[in-house]
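The structure appears right after this line, and notes come after that.
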Amino acid sequence: IGAGFKTQNGQTVTLNIAEGKKYTVTAPLVGSAGTQTLGFQFLQGSNVTIEGKGTITSSEAKMLINNYSNLTLKDITLSPSIPNTMNGQAYYVLSNNCGEVNIEEGTIITAPQGNDSQKVYAFDVCKYSTYPNVTVNVKGGTITGDVEYTGTEGDKQKLVISGGTINGNLVVADSYKEAA
């Protein structure tokens, strides 16, 4: 059990959650000023690897990981639950807004069950605001839950699937169907 974690621009970080161990993210959570509701926030220019065959979870974070970095997930399980404070907001296990993301063999991403009116996603590919491109490479692993493809510029985000198993739907905003 521990607090949220945020990188700074230019950091290189490896988080190793040992096999059979669980890291449960609790308060204090992280995020931009006034919106500290995230389990992890990896900022642009960072290089982050999460590995180790353990599990990361939270029942407090409104988004488990908000990513703007170059991120590699290898042999790790992301399996949160939705906090009671969501009030119908969309929930993301992993939101990717910038950088290059590699989901590798042995990774398990499980979206929690939402209610009928709530949108819940295992991850998204969402080039956001003035940030440059985002690319998510699914090379292996098992993803359970929907994947959202959206953003502010349809030609600046990419989802490349070359391996793994996705048990869910690809949800594409109407304005991005051609780009997807």
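The values are calculated or read from the model by the stated rules, or taken from the named source; none is laboratory data. Quick caveat, the model's predicted, so the values are computed rather than measured. Reconstructed Cβ throughout: ideal geometry from the backbone, glycine too, with neighbour counts over all protein chains shown. To get the accessible areas, we keep the full protein, side chains included, count just its heavy atoms, and leave off ligands, DNA and RNA. Shrake-Rupley method; radii C 1.70, N 1.55, O 1.52, S 1.80 Å.
For the reader, a short list of remarks on this structure follows.
- The stretch between residue 8 and residue 90 holds 26.9 nm of extra length on full extension. This uses 0.36 nm per residue minus the Cα-Cα distance.
- Per residue, in Å², the accessible surface of the chain once ligands and nucleic acids are set aside, probe 1.4 Å: 47 Å²
- Amide H within-cut-off set for residue 159, under 5 Å, with H built and near neighbours excluded: 136
- Close amide H partners of residue 102, meaning residues 5 or more places away or on another chain with modelled amide H under 5 Å apart, are 71, 72, 73, 137.
- Sequence-distant residues sharing a close amide H with residue 78 (under 5 Å, placed H): 56, 108, 109, 110
- Remark: the residue 15-residue 113 segment gains 32.6 nm on full extension, using 0.36 nm per residue and subtracting the alpha carbon distance.
- Kirkwood hydrodynamic radius of the stretch 9-102, Cα pairs, Å: 13.5 Å
- Ratio of Rg to Rh over the stretch 58-118 (Cα coordinates, Kirkwood Rh, two decimals): 0.99
- Among the listed options (i) 1.19; (ii) 0.93; (iii) 1.06, the one matching Rg/Rh (Cα atoms, Kirkwood Rh) as calculated from these coordinates is (ii).
- Checking every one of the GluC sites (Glu not before Pro) in the stretch 81-142 against DSSP loop status and a limit of 16 other Cβ atoms within 10 Å picks out 105.
- Phi-based couplings in Hz for the stretch 127-139 (Karplus 6.51, -1.76, 1.60; Gly and Pro marked x): 4, 10, 6, 8, 5, x, 4, 10, 10, 10, 9, 8, 9
- Partners of residue 62 within straight-line reach, counting aspartates and glutamates whose Cα lies under 12 Å from its Cα and excluding those fewer than 8 residues away in the same chain: none found.
- When peptides 106-116, 133-143 are ranked by their average number of other Cβ atoms within 10 Å per residue, the highest-first order is 133-143, 106-116.
- The stretch 79-156: C-alpha gyration tensor shape, a/c 1.5 cut-off, then a/b vs b/c: oblate
- Annotation note: trypsin sites (Lys or Arg not before Pro) in the stretch 1-33 located in DSSP loop regions with a Cβ neighbour count of at most 15 within 10 Å are 21.
- Note, ³J(HN,Hα) from phi for the stretch 52-66, Karplus 6.51, -1.76, 1.60, rounded to Hz, x at Gly and Pro: x, 6, x, 10, 10, 9, 6, 10, 10, 6, 7, 7, 5, 9, 10
- Integer Hz, Karplus 6.51/-1.76/1.60 couplings in order for the stretch 158-163, x for Gly and Pro: 9, 10, 10, 10, 10, x
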